[in-house]
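One structure is given below, encoded as structure tokens.
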Amino acid sequence: MGHSAQQKIGKAFTPHSNYKGNFFVIPTLELESFNITYALLRERSVATSHRNIIPPKCVIILMISMRNLLANKTFREAIVLVLIAVVVFVGLRLSIQSYIVYGPSMQPNFVENQRIIVNKLSYLFGEPKRGDVIVFKPPFNDMNYIKRVIGLPGETVEVKEGVTYVYKTDGSTIIIDPEPYVEFPSERSYSRRTIPEGEYYVMGDNRNNSNDSRSGWLVPEENIIGEAWLSIWPPSHWGFAPNYHFSASIIQAFNE
């Protein structure tokens, strides 16, 4: 069969120049001659005692189909576009993420069902600052919380008659009064709480309806997901998230 098969397919397959050891090449493939080509490969394999090196027909078809696809310029461009899209998607997921606000604890600045974008890279090279709104996981469950940073590591926080006092590590005290993001100040007083290293004291802007550090828990630094960055829904709240970097106008400072 070998001689007659070679006459039928002509130059479509040249076994001496394209089949070497365990590697074979089919330079052209025509559907009507594929069975003859495959038979020649099997015959050559038997003649050279390499019976197991010829893969099934479906594997050969798949390999040649992939080769033809890769030779197609449009297909290559599509592959490149898909790879770029994947890289961009992964990059965005690692750097920003959208969240929906549930509950009243951050009113009036964040409302029920408000959609926000959180910057997950904000604290990659820095630390949270007083006044930042952060999204994090509390130490007692796996839910995502949103609160405002009030106390930093090493400081002591106290709330007296609705006024927030922060006792700093250098011995000075800052009184955050008024707090521009708070509509209704706290109706209760809360005893002093010293913040260990690597943890943060947080409060909700809705001081009378918020589960926060006044209840006795703090936020470990490793639990912080990122900083609230943009509000994208509803339209009435479009814009940058209301993070406040405290200035002398809202902080009264004095030495004890």
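The values are calculated or read from the model by the stated rules, or taken from the named source; none is laboratory data. From a predicted model like this one, the values you see are computed outputs, not experimental measurements. Note that each Cβ is placed from the backbone with ideal geometry, even for glycine, and that neighbours are counted across all protein chains shown.
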query: Given the conditions (1) over 17 Å from P104 (Cβ atoms); (2) of a type in the set (S, T, Y); (3) touching a residue at least 40 places away in the same chain (Cβ under 8 Å); (4) touching a Lys or Arg at 6+ places or on another chain (Cβ under 8 Å), and given that Y200 satisfies all but one, which numbered condition is not satisfied?
result: (4)
task: Counting only residues that are modelled with pLDDT of 95 or more, in contact with a strand residue (DSSP E or B) (Cβ under 9 Å, 6 or more places away or on another chain) and assigned by TED's automatic domain parsing to the domain that holds S191, give me the strands (runs of 3 or more DSSP E) lying completely in the stretch 90-166 with at least 2 of them.
output: 115-119, 133-136, 145-151, 156-160
query: Taking the condition over 16 Å from V219 (Cα atoms) and aliphatic (A, V, I, L, M), does V163 pass?
result: yes
query: Is it true that L83 is within 19 Å of the chain's Cα centre (by Cα), surrounded by fewer than 18 Cβ atoms within 10 Å (Cβ to Cβ), assigned to a loop (DSSP other than H, G, I, E, B) and among the hydrophobic types (A, V, I, L, M, F, W, C)?
result: no
message: Looking only at strands (runs of 3 or more DSSP E) that lie completely in the stretch 169-256, which have at least 3 residues being in the same structural domain as G151 (by TED's automatic domain parsing), under 23 Å from Q114 (Cα atoms) and at pLDDT 95 or above?
response: 224-233
